[in-house]
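Just below is one structure, and these are the notes that go with it.
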Amino acid sequence: MQIVTPIIAGNYYHIYNKGNNGENIFFDNDNYYHFLKLYAKYINPIADTYAWCLLKNHFHIAVRIKTTEEILENELSYTTVEKPKVIDASKQFSHFLNAYTQAINKKHKRTGKIFQSKFKRKLIDSEEYLKNLIYYIHNNPVHHGFCKSMNLYPWSSYESIISTKNTQLKRNEVVDMFGNISNFIEFHNSNLSLKKFDYEFL
């Protein structure tokens, strides 16, 4: 029996999942946009996002779960229930992915689940791990052969971090981890080993 890592406020996590039987979870560009729209609705109020990447049949996200105090300070709605007694980040991720599944099934006239299982999560227990994970997430399209350079892939947070456009990402915190933008780019241009992040379906 697989032990599920609990999601605890104040901690950092790698959130990821793939399509059922390895099938696609994104079928056209509108699907990517809708995923991000739902993410902003369901997840932004309860988590800070440090990096993300969406590929045809899986996704990766690096987040820090906000504390209850941080969530309640925000006026945004953080759940499908108007006033829940308990703020549960795990349930909120489930609401998010269920909403995406329902929307995709309706649009593409399909039935059944899109994702293989409940979303997976791994605790990020050090800044070094987080830095390497951010690189791994941004490099994923290169790793899977979608592009030759991560700055050429449109469905990741890489370009948002190196740009000056408004973003919901924790851009300043990410850049500070690497020292500055130049170091961030140089680190991402290095040939970092991905072995420590080789999960069962990647």
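Every number in this text was worked out from the coordinates using simple rules, so none of it is lab data. Treat the numbers as computed from the prediction; the structure is a model and nothing was measured. Methodologically, a virtual Cβ is constructed for each residue, glycine included, from the backbone with ideal geometry; neighbour enumeration extends over all protein chains shown.
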Pick from Thr49, Thr111, Thr68: which is most flexible by mean-square fluctuation in a GNM of the chain where alpha carbon atoms under 10 Å apart are linked? Thr111
Long pairs among Lys41/Lys66; Lys37/Lys131; Lys66/Lys91; Lys41/Lys91, criterion Cα-Cα beyond 18 Å: Lys37/Lys131
Cβ density ranking, 10 Å radius, fewest first, applied to Val142, Val4, Val63 yields Val4, Val142, Val63
Do you know the relative contact order of segment 12-197, to the nearest whole percent, from alpha carbon pairs under 8 angstrom that are 6+ apart? 28
Fewest-first ranking of His58, His108, His138, using other Cβ atoms within 10 Å as the exposure measure: His108, His58, His138
Within the chain, longest stretch clear of exposed GluC sites (Glu not before Pro) (DSSP loop, no more than 14 other Cβ within 10 Å): 83-199
